[in-house]
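Structure first, commentary second.
The values are calculated or read from the model by the stated rules, or taken from the named source; none is laboratory data. Source: prediction; values computed, not measured. Here the Cβ positions follow ideal geometry from the backbone for every residue, glycine too, while neighbour counts run over all protein chains shown. The area values use the complete protein model at the heavy-atom level, side chains included, leaving out ligands, DNA and RNA. Shrake-Rupley method; radii C 1.70, N 1.55, O 1.52, S 1.80 Å.
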Amino acid sequence: MKKLEQLYEGKAKKVFATDDPEAYIVDYKDDATAFNGLKKGTIADKGIINNRVSNHMMRMLEQHGIPTHLIEELSERETLVKKVTIVPLEVIVRNIAAGSLSKRLGLPEGTKMKRTVLEYCYKDDELGDPMVNDFHILAMELATEEELATISSYALKINELMTDYLKDLGIELIDFKIEFGRTSDGTIILADEISPDTCRFWDSKTGEKLDKDRFRRDLGGVEDAYHEVMKRMMGE
Ligand code: UDP
């Protein structure tokens, strides 16, 4: 597999073309941003950890019937993935109130939701990723009705699978963000990443935060938290 020209550089990853027209290489960086890019920093080895953690989670999800972009982990920071066009939605799943939901609805962080909450944000940095509902998505043709049905059912299934998987590791899944893509034949698959950058993980016993909130809120121990998540998943 040949790594060809860089196609895109995002906040946390670079994407490269390959000699396979249906595959890209994703390269994970240590750069961290928060608050729509306002806060910037680096988290040592984050790229390595997120590459490994995301692939680990995607392998687990694949085993349980969720199609993902994962083809093969190539190196510490690089993964070969299926080429997709990203559906421009951040799909957010919430079990426990935290972050923007707590702020918006006045629910103290840690409030258990009586039902799982599904939210969508339109991926547009200039607009600050505004929240949209099914009507906006269909009216703006961001996804078709069929695609949206697939996306929402995958998102809820992913939540169940991850919640159960993490429970055994002593981690409570508070909320997370996922993204989906369309392959060249129009199939919807899970893309982007699943990592401590994109999930809220709380230690089940102590409630300690094991995710990017440590960076966002200057809580310290950021690297240790990312390492701890990887260690619980992979034993190292
Ligand atoms: N999230 C993310 N990228 C974003 C916004 C949110 O990965 O651009 C994740 C975040 O880590 C959390 C969940 O989505 O696990 C819900 O985030 P929230 O809406 O509370 O926003 P935040 O408090 O992160 O601004």
Seminar exercise, completed: Across region 66-100, the tally of residues that are over 15 Å from the mean Cα position of the chain (by Cα) and more than 27 Å from residue 16 (Cα to Cα) stands at 6
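Look at residue 173 and say whether it is within 12 Å of the ligand (Cβ to nearest atom) and open to solvent by less than 10 Å² (accessible area, probe 1.4 Å). I'd like the intermediate steps shown before the answer.
Numbers: within 12 Å of the ligand (Cβ to nearest atom): yes; open to solvent by less than 10 Å² (accessible area, probe 1.4 Å): yes.
The answer is yes for residue 173.
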Seminar exercise, completed: Scanning region 32-47 for residues that are under 12 Å from residue 10 (Cα atoms) and touching a strand residue (DSSP E or B) at 6+ places or on another chain (Cβ under 6 Å), the one nearest to the ligand (Cβ to nearest atom) turns out to be 33
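Any idea which residue in region 88-103 is farthest from residue 120 (Cα to Cα), counting only those that are open to solvent by 20 Å² or more (accessible area, probe 1.4 Å) and either more than 8 Å from the ligand (Cβ to nearest atom) or in a strand (DSSP E or B) (or both)? Give the steps one after another, and end with the answer.
First pass over region 88-103, keeping only residues open to solvent by 20 Å² or more (accessible area, probe 1.4 Å): 88, 90, 92, 95, 100, 103.
Restricting the remaining residues to those that are either more than 8 Å from the ligand (Cβ to nearest atom) or in a strand (DSSP E or B) (or both) gives 88, 90, 92, 95.
On the way: 88: 10, 90: 6, 92: 6, 95: 15 Å.
So the residue we want is 95.
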For this session: Hey, can you tell me all the residues within region 1-31 that are in a loop (DSSP other than H, G, I, E, B) and touching a strand residue (DSSP E or B) at 6+ places or on another chain (Cβ under 9 Å)?
Result: 1, 2, 11, 12, 19, 20, 22, 29, 30
Exercise. Looking at region 209-231, which of the residues that are open to solvent by 60 Å² or more (accessible area, probe 1.4 Å) and in contact with an Asp or Glu (Cβ under 9 Å, 6 or more places away or on another chain) is farthest from residue 169 (Cα to Cα)?
Worked result: 219
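Any residue that is basic (Lys, Arg), at pLDDT 95 or above and not in a helix (DSSP H, G or I) - is there at least one of those in region 204-211?
Yes: region 204-211 contains one or more residues that are basic (Lys, Arg), at pLDDT 95 or above and not in a helix (DSSP H, G or I).
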Exercise. Does region 133-142 contain at least one residue that is within 16 Å of the ligand (Cβ to nearest atom) and over 18 Å from the mean Cα position of the chain (by Cα)?
Worked result: yes
